1. How about region 191-226: which of its residues are in contact (Cβ under 8 Å) with a residue 40 or more places away in the chain and outside any helix (DSSP H, G or I)?
2. Taking the options ALA145, ALA85, ALA64, ALA118, name whichever one is at pLDDT 85 or above and in a loop (DSSP other than H, G, I, E, B).
3. Of everything in region 232-260, what is at negative phi, touching a residue at least 12 places away in the same chain (Cβ under 8 Å) and outside any helix (DSSP H, G or I)? Give them in sequence order.
4. THR229 - would you say it is outside any helix (DSSP H, G or I) and either within 19 Å of the chain's Cα centre (by Cα) or of a type outside the set (A, V, I, L, M) (or both)?
5. How many residues are surrounded by fewer than 17 Cβ atoms within 10 Å (Cβ to Cβ), basic (Lys, Arg) and touching a helix residue (DSSP H, G or I) at 6+ places or on another chain (Cβ under 8 Å) if we restrict to region 1-54?
6. Of all residues in region 122-146, which are over 15 Å from ILE78 (Cβ atoms) and of a type in the set (A, V, I, L, M, F, W, C)?
Amino acid sequence: MDHEFPLSILDYVTRGDSEKIHWHNYLQVALCTGGTGRFIFTNKEYHVQKGDVFIVSNFENHVAISELPTCTEYIFVIFLPELIASPGSRHFDFEYLYPFWYNSKTFHNKIDHGEPVAEVLGNKILELKETWDKKEVGYKHCLDADLRKVLALLIKHFKTNYPEYYTISGHSHAKMQRALDYINKNFSKNISLEEMSELFHISASRFRHLFKESVHIGFKEYITFIRLTEAKKLLLTTEMNITDIARQSGYTNIHQFYKVFYKYVYISPAEYRNLHKFKHSDERK
């Protein structure tokens, strides 16, 4: 990504579980352009169809998957916040980033293809992709203007329909991004609050407070959600047995894995696998 114009617009295809659970330092708007699949976030998951639009902040872990042999096609619009509002910018410019200042525990990342705004957003994203591909004279200014139009449409949509999700302190999560990156890479290990506080040279209680303030989810619960995201992905896209899935997701005690899975998903891992594979089979008929 060009550091002077930190924006990329790219085609992306998911096949099975090839993509890892990840977190990134850029903001993302995704448009499904073909196929079906699933988009799994920290504690949420969504069925994906053509025309669906997804909003991804720069602090929420997520993964897009599809069941082999099918695939899901996307256009990803990714950009760093400073493209829109660098330090010292007007408050008005920072307001363009409103759609990404959300509470990840309660925010609904998907705008369904059946909603009128999804069609408008989809057409704007297709225009952005065409401008990006052609790279004609003045294309960067056109991209900047059209991206702000997309963000303005998102602001109108969320403020009209979901005003309660917004948090004025949402941008404060930046201070915890290094912690999220560490958890993302090590969630299958036994990560303790004390280990994280030592990493950041602050007390355990201070780290716990900052984490909850920034991410809106408790430290231990966040790790649980990440592990469950990995387990769901493996259940849907592999034939691994459940004991191996539990181990790869960070659980050494299979009984604890079943207990936690049922607590948050309300069905057993086997039931989850069978239920969603049955749905995928019906969708392809």
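1. Within region 191-226, HIS216, ILE217 qualify.
2. ALA85
3. Within region 232-260, THR238, SER249, TYR251 meet the criteria.
4. Here the answer is no, as THR229 does not meet what is asked.
5. Result for region 1-54: 0.
6. Residues satisfying the conditions are LEU126, VAL137, CYS142, ALA145.
The values are calculated or read from the model by the stated rules, or taken from the named source; none is laboratory data. Here the structure is a predicted model, which means the values were calculated and not measured. Here the Cβ is made from the backbone with ideal geometry for all residues, glycine too, and neighbour counts use every protein chain on show.
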